[in-house]
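The values are calculated or read from the model by the stated rules, or taken from the named source; none is laboratory data. Everything numeric here is computed off the predicted structure, so don't read it as measured data. So basically every Cβ, Gly included, is an ideal-geometry build from the backbone, and we count neighbours across all protein chains shown. We work out accessible area using only protein heavy atoms, side chains counted, and drop any ligands, DNA or RNA first. Shrake-Rupley method; radii C 1.70, N 1.55, O 1.52, S 1.80 Å.
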Amino acid sequence: LAGMSAEGVMYDWCVLYLKQEVHLSQDVAAMGYAAFTGAMAVARFGGDALRARYNERNLLRASAGLSAVAMTVVLASGNAVVSIVGYALVGAGLAPVVPILYNAATRVPGTSRAAAIAAVSSIGYAGFMIGPPLIGGLAQALSLTAAMWVVVLASALLAIGARKVG
């Protein structure tokens, strides 16, 4: 839920954040989205090699931590270059979350692989449905900058919860 909430928030709100809060033009703000999705794609393609080399628990903890720290820097800086590079790091940090959690779910004793993946998919996609509207409500009540801290919170929860991946 946390991982896909953060991912959904980035997909739906990152360009508006750069336009509205960092005051970038539409074309430059779109570079932030491209940096996020491009880094996520590259990291997903390389994720199997990382999972083969590193323990999944530690990889999830490190990648979620990277995402939390990078988004914190983005929100604190208000700088265009820092924001775009930070978005790339958020994308790279969130990339291994889904493969790690799907794989971990298949190892839950007493649960079929199909049922485990279906459960994780259902919970994860609920995050896609909850995260972005949550940001809209928080942005309306507070500010978009304040609302985007949900990405930091979700990533931090993933890093903390990584200890449960076994």
Item to check | Residue under evaluation Met31, criteria (1) open to solvent by 70 Å² or more (accessible area, probe 1.4 Å); (2) under 23 Å from Leu158 (Cα atoms), criterion not met | outcome: (2)
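Say we look at region 140-151 and pick out the residues that are hydrophobic (A, V, I, L, M, F, W, C) and surrounded by fewer than 20 Cβ atoms within 10 Å (Cβ to Cβ); which of these is nearest to Leu89 (Cα to Cα)?
Going residue by residue through region 140-151, those that are hydrophobic (A, V, I, L, M, F, W, C) are 141-142, 144, 146-151.
Subset that is surrounded by fewer than 20 Cβ atoms within 10 Å (Cβ to Cβ): 141-142, 144, 146, 149.
Working: Ala141: 28, Leu142: 26, Leu144: 20, Ala146: 20, Trp149: 16 Å.
Once the filter is applied, the top-ranked residue is Trp149.
For the structure I just gave you, tell me whether Leu60 is open to solvent by 40 Å² or more (accessible area, probe 1.4 Å), touching a Leu at 6+ places or on another chain (Cβ under 7 Å) and not hydroxyl-bearing (Ser, Thr, Tyr). Can you show your working first?
Values: open to solvent by 40 Å² or more (accessible area, probe 1.4 Å): no; touching a Leu at 6+ places or on another chain (Cβ under 7 Å): yes; not hydroxyl-bearing (Ser, Thr, Tyr): yes.
For Leu60, the condition - open to solvent by 40 Å² or more (accessible area, probe 1.4 Å), touching a Leu at 6+ places or on another chain (Cβ under 7 Å) and not hydroxyl-bearing (Ser, Thr, Tyr) - is not met.
One line per residue, one yes/no per condition, for (1) at pLDDT below 95; (2) not in a helix (DSSP H, G or I):
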site	(1), (2)
Asp12	yes, no
Val15	no, no
Leu24	no, yes
Ala35	no, no
Ala39	no, no
Ala62	no, no
Checklist outcome for this item: Inside region 97-115, the number of residues satisfying the requirement of being surrounded by 13 or more Cβ atoms within 10 Å (Cβ to Cβ) and touching a residue at least 12 places away in the same chain (Cβ under 8 Å) is 9
Checklist entry - So is Asp12 out of contact with any helix residue (DSSP H, G or I) (no Cβ under 7 Å at 6 or more places or on another chain), open to solvent by 50 Å² or more (accessible area, probe 1.4 Å) and charged (D, E, K, R) or not? => result no
Next on the checklist: Regarding region 116-137, can at least one residue be identified that is under 17 Å from Glu21 (Cα atoms) and open to solvent by 30 Å² or more (accessible area, probe 1.4 Å)?
Outcome noted: yes
Item to check | Qualifying residue in region 117-138 (condition: under 18 Å from Ala62 (Cα atoms) and part of a helix (DSSP H, G or I)) | outcome: no
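Kindly indicate whether Val165 is at pLDDT below 90 and surrounded by 18 or more Cβ atoms within 10 Å (Cβ to Cβ). Steps first, please.
Numbers: at pLDDT below 90: yes; surrounded by 18 or more Cβ atoms within 10 Å (Cβ to Cβ): yes.
Criteria met by Val165.
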Checklist entry - Out of curiosity, is Phe45 closer than 24 Å to Ile130 by Cβ and part of a helix (DSSP H, G or I)? => result no
Item to check | Enumeration of residues in region 74-91 that are of a type in the set (Val, Ile, Thr) and open to solvent by less than 70 Å² (accessible area, probe 1.4 Å) | outcome: Val74, Val82, Ile84, Val90
Item to check | region 34-44, residues that are open to solvent by 80 Å² or more (accessible area, probe 1.4 Å) and either farther than 15 Å from Gly93 by Cβ or β-branched (Val, Ile, Thr) (or both) | outcome: Val42
